[in-house]
Structure formats: C-alpha cells, structure tokens
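Participant: Take a look at the following structure, please.
The values are calculated or read from the model by the stated rules, or taken from the named source; none is laboratory data. If you're wondering where the values come from, they're calculated on a predicted model, not measured in any experiment. Here the Cβ positions follow ideal geometry from the backbone for every residue, glycine too, while neighbour counts run over all protein chains shown. The accessibility values were calculated without ligands, DNA or RNA, using every heavy atom of the protein model including side chains. Shrake-Rupley method; radii C 1.70, N 1.55, O 1.52, S 1.80 Å.
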Amino acid sequence: MSQALGGLVLGIDAGNTKTIALIADTSGAVLGWGRAGRSNIYVQRARALAALQTAVAQARASAGVDDRPFAALTLSAAGADWPEDFDVLAAELRRWNWARQLAVVNDAVGALRAGSLAGLGVTVVCGTSAGIAARSPGGAVWHTSYWQEPEGATQLAEHALRAVYRAELGIDPPTTLTAPVLAFFGVPDVKALLHSFTRRGRRPVPHLGRLARVLLDQADAGDATSLRIVRGHGASLGDYALAAARKVGLSGDYLLTTSGGVMRHQSPILRDALLTRVREQHGDIRWQASHHEPVFGAVLLALEAAGVTVDGAVFRRLEDTCPDEALFLT
C-alpha cells in the first residue's frame with residue numbers, strides 16, 4: 001500500500017459551485033474521484049475546508065486507498081488570489097498531510113493546464129464567473145484574479161435584466177429579450193420582474209447565471225440589444241486576455257483556449273468577439289476549445305510535480321479514464 005500511494009497523485013479543483021478530487025497513478029490513469037460542495041475560502045472558510053476534506057475522502061474510498069500521503073497533489077482553487085490565500089490553503093494541506101509534495105494554484109491556472117498538452121498560452125474561462133491565466137514557454141505564469149472586470153454568466157444575466165428595464169422605460173429600443181426573460185422568472189410584466197428583485201423580504205435568486213443562456217440565445221437570433229451586450233462582453237474579455245499575454249511576454253504565435261459553460265454555448269458570438277479583439281494586436285494566435293474540466297489540469301500539474309513527463313500517452317490516458325461528465329454537472 002505504501003508503494004501504491006507513493007505512485008499516486010491527487011488533483012483537486014476547488015470551485016465556486018463544486019469541489020472535485022481525482023486520484024491518478026503515474027501513467028495518467030484515474031483510479032478514484034470524489035465531489036463535494038463549493039470551497040471558496042472567501043465565502044465560508046470552514047465550509048470550504050470541509051468540502052475539500054469530503055471530496056478527498058470520497059476519492060480515497062473510490063480508489064480503495066488509505067490515508068497515507070500521495071506522491072504529489074495540486075489544489076486548483078477559486079479563492080487562491082492573494083499570497084495570504086495561498087498560505088492558508090497550503091497550511092491546511094500540510095496539516096492534513098495529504099502529499100509529500102503540494103502546490104496551490106489559482107483555478108484559472110488549473111484550467112490553463114487542462115486546455116492543451118503543453119499547457120502554454122492564454123486561457124479564458126467564462127462560466128458562472130470568469131478568470132484568465134497565461135503561461136509562457138519560459139515558465140512565467142500570471143492570472144487575473146481580482147484584476148478581472150468582465151465576469152461570467154451572473155454578470156451577463158445582470159446585463160440582460162438592465163437591458164429589459166431600460167427598454168421598458170423607452171430609454172433603449174425594444175428588445176426580444178423581454179418575453180423570454182419574463183418567462184424565465186415566471187412573472188407577467190417588467191414591473192413585476194423589477195419588484196421581485198427589489199422588494200423588502202426578497203430572497204436571493206438561485207442560479208441567476210442561467211439567464212445568460214437566454215441572452216446568448218437572443219443574440220444568436222439577431223436581437224440588436226443582445227448582440228451589443230454579448231459582443232461588448234467578448235471584446236472586454238479579449239482586453240484582459242491581451243493583458244495576461246503581456247504579463248508573461250507573449251505576443252506572437254501562441255494558443256488561446258476557452259472553457260466554461262458560457263463559452264460552450266452553441267452561439268459563437270461571444271467567442272468571436274473575444275478572438276477578434278485579441279487578433280487586432282496578436283494576429284497569429286491559434287484558438288482551441290478546452291474539452292477538459294479544470295481538475296484535469298490539477299492532476300497534470302501534480303503528475304509533473306511527481307516527476308512525470310506529460311506526453312501524449314499520459315494525456316490520452318487521463319482523458320480516457322476521467323469520470324463520466326455527470327460528476328461535473330452543476
């Protein structure tokens with residue numbers, strides 16, 4: 001058992017909606033996995049740490065291994081933003097004695113590593129929230145963290161609501177957003193919609209970000225207001241992708257990957273606006289959609305920390321043995 005654990009690594013994605021832990025051997029084969037609730041220490045530190053412990057305990061049980069240390073682990077975490085955040089998380093990992101070698105990275109860095117075999121270039125993650133990371137061939141790494149201004153689905157939903165309110169007052173032209181937004185919330189008119197968000201005793205709206213799908217659908221159908229919002233948001237993401245590239249010295253032919261639920265929408269409008277803005281300055285970039293969850297990147301980083309060369313065979317084995325997508329649904 002000691003040898004088995006010595007030949008295993010642990011990758012953890014600690015997100016705003018869920019926590020996923022994967023255990024893999026040094027060939028890249030996934031042996032066990034676990035899932036728990038969100039684990040952003042900015043939201044609720046005690047609950048976040050408990051979610052990490054739950055996900056790892058489930059992964060150990062799934063893999064059939066005891067609580068001895070792994071060869072290496074990487075925690076890719078939302079809420080790993082400032083130096084003190086990394087210190088808090090690393091201190092807990094050391095206290096739990098989960099691995100001989102450990103690293104904590106921002107979740108955008110985990111997503112960047114998951115995006116391609118080399119894990120280089122720039123990645124733009126746009127899901128419930130958004131994050132951007134860049135890594136140069138020389139090893140320089142940077143992520144937007146709290147520099148990030150254009151966010152993800154929740155912010156797009158807020159833009160959609162604002163557009164509906166302004167159209168109702170005649171400040172902006174009518175928009176086809178209005179009817180599907182009212183249907184989404186099950187209210188009869190825009191006044192009732194506004195009241196539901198602002199009345200005394202209101203409850204927070206769960207999963208507001210799902211409204212972003214309505215916005216993207218209407219943009220895809222040609223609604224001028226929706227197109228303006230989505231294209232503007234994509235261009236703003238492009239500005240921050242360029243900033244990330246500059247921070248690590250990228251300016252020519254590099255790979256830009258995209259991931260997250262918003263980026264996976266069938267409409268290419270947001271992504272096209274992002275790429276158009278980036279190519280205004282970096283015309284030789286290549287684009288690739290990432291088909292892997294951020295925890296995939298955490299495992300790859302842990303494998304590298306354990307001394308494994310991540311070649312095509314290791315990458316494909318990790319792809320082939322990753323759990324069914326149902327584990328990752330939110």
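Participant: Could you grab the pairs with beta carbons closer than 8 Å, sequence gap of 6+ or different chains, first residue in segment 189-216 and over 23 Å from Asp272 (Cβ atoms), second one not in a helix (DSSP H, G or I)?
Facilitator: Leu193/Val187; Ser196/Val187; Ser196/Arg202; Phe197/Val205
Participant: Please go through segment 157-188 and pick out each residue that is under 13 Å from Arg213 (Cα atoms) and not in a helix (DSSP H, G or I).
Facilitator: Leu177
Participant: Let me ask another. Return the total of residues in segment 266-322 being part of a loop (DSSP other than H, G, I, E, B) and in contact with a Lys or Arg (Cβ under 7 Å, 6 or more places away or on another chain). It would help to see each step written out before you state the result.
Facilitator: Of the residues in segment 266-322, the ones part of a loop (DSSP other than H, G, I, E, B) are 266-268, 282-285, 290-293, 306-311, 322.
Filter again for in contact with a Lys or Arg (Cβ under 7 Å, 6 or more places away or on another chain), leaving 285.
Total satisfying the criteria: 1.
Participant: Within segment 60-71, identify whether any single residue is buried (at least 24 other Cβ atoms within 10 Å of the Cβ), out of contact with any Cys (no Cβ under 6 Å at 6 or more places or on another chain) and modelled with pLDDT of 95 or more, and answer yes or no. Steps first, answer last, please.
Facilitator: Pass one, segment 60-71, residues buried (at least 24 other Cβ atoms within 10 Å of the Cβ): 70.
After this cut, where a residue has to be out of contact with any Cys (no Cβ under 6 Å at 6 or more places or on another chain) as well, the list is 70.
Filter again for modelled with pLDDT of 95 or more, leaving 70.
Yes - at least one qualifying residue is present in segment 60-71.
Participant: What single numbered condition from (1) in a helix (DSSP H, G or I); (2) closer than 24 Å to Thr178 by Cα fails to hold for Ala245?
Facilitator: (2)
Participant: On to the next question. Could you please find all residues in segment 286-318 being under 23 Å from Thr17 (Cβ atoms) and of a type in the set (Asp, Glu)?
Facilitator: Within segment 286-318, the first condition is being under 23 Å from Thr17 (Cβ atoms), and the residues that meet it are 289-302, 318.
If the condition is that a residue be under 23 Å from Thr17 (Cβ atoms) and of a type in the set (Asp, Glu), then Glu293 is the only one that fits.
Participant: Suppose the filter is touching a Pro at 6+ places or on another chain (Cβ under 6 Å) and open to solvent by less than 80 Å² (accessible area, probe 1.4 Å); does Leu237 pass it? I'd like the intermediate steps shown before the answer.
Facilitator: Values: touching a Pro at 6+ places or on another chain (Cβ under 6 Å): yes; open to solvent by less than 80 Å² (accessible area, probe 1.4 Å): yes.
The answer is yes for Leu237.
Participant: Let me ask another. In segment 294-317, which residues are β-branched (Val, Ile, Thr) and either on the phi > 0 side of the Ramachandran plot or in contact (Cβ under 8 Å) with a residue 24 or more places away in the chain (or both)? Walk me through it before giving the result.
Facilitator: Going through segment 294-317, the residues β-branched (Val, Ile, Thr) turn out to be 295, 299, 308-310, 314.
Within segment 294-317, Val295, Val299, Val308, Val310, Val314 qualify.
Participant: Name every residue in segment 27-59 that is open to solvent by 50 Å² or more (accessible area, probe 1.4 Å), modelled with pLDDT of 95 or more and in contact with a helix residue (DSSP H, G or I) (Cβ under 8 Å, 6 or more places away or on another chain), in order of residue number.
Facilitator: At the first step, the residues of segment 27-59 found to be open to solvent by 50 Å² or more (accessible area, probe 1.4 Å) are 31, 33, 35, 38, 42-47, 53-54, 57-58.
Those left that are additionally modelled with pLDDT of 95 or more: 31, 33, 35, 53-54, 57-58.
Scanning segment 27-59 gives Leu31, Trp33, Arg35, Gln53.
Participant: State whether the residues of segment 226-235 include one that is in a loop (DSSP other than H, G, I, E, B) and either modelled with pLDDT under 95 or farther than 23 Å from Ala108 by Cα (or both).
Facilitator: Residues of segment 226-235 in a loop (DSSP other than H, G, I, E, B): none.
No, every residue in segment 226-235 fails to be in a loop (DSSP other than H, G, I, E, B) and either modelled with pLDDT under 95 or farther than 23 Å from Ala108 by Cα (or both).
Participant: Can you tell me which residues in segment 192-225 are surrounded by 14 or more Cβ atoms within 10 Å (Cβ to Cβ) and not in a helix (DSSP H, G or I)?
Facilitator: Of everything in segment 192-225, those that are surrounded by 14 or more Cβ atoms within 10 Å (Cβ to Cβ) and not in a helix (DSSP H, G or I) turn out to be Val205, Asp223.
Participant: Another question, if that's okay. Please tell me if Pro173 is open to solvent by 10 Å² or more (accessible area, probe 1.4 Å) and free of Cβ contacts under 8 Å to residues at least 40 places away in the same chain. Quick ask: steps written out before the conclusion?
Facilitator: Details: open to solvent by 10 Å² or more (accessible area, probe 1.4 Å): yes; free of Cβ contacts under 8 Å to residues at least 40 places away in the same chain: no.
For Pro173, the condition - open to solvent by 10 Å² or more (accessible area, probe 1.4 Å) and free of Cβ contacts under 8 Å to residues at least 40 places away in the same chain - is not met.
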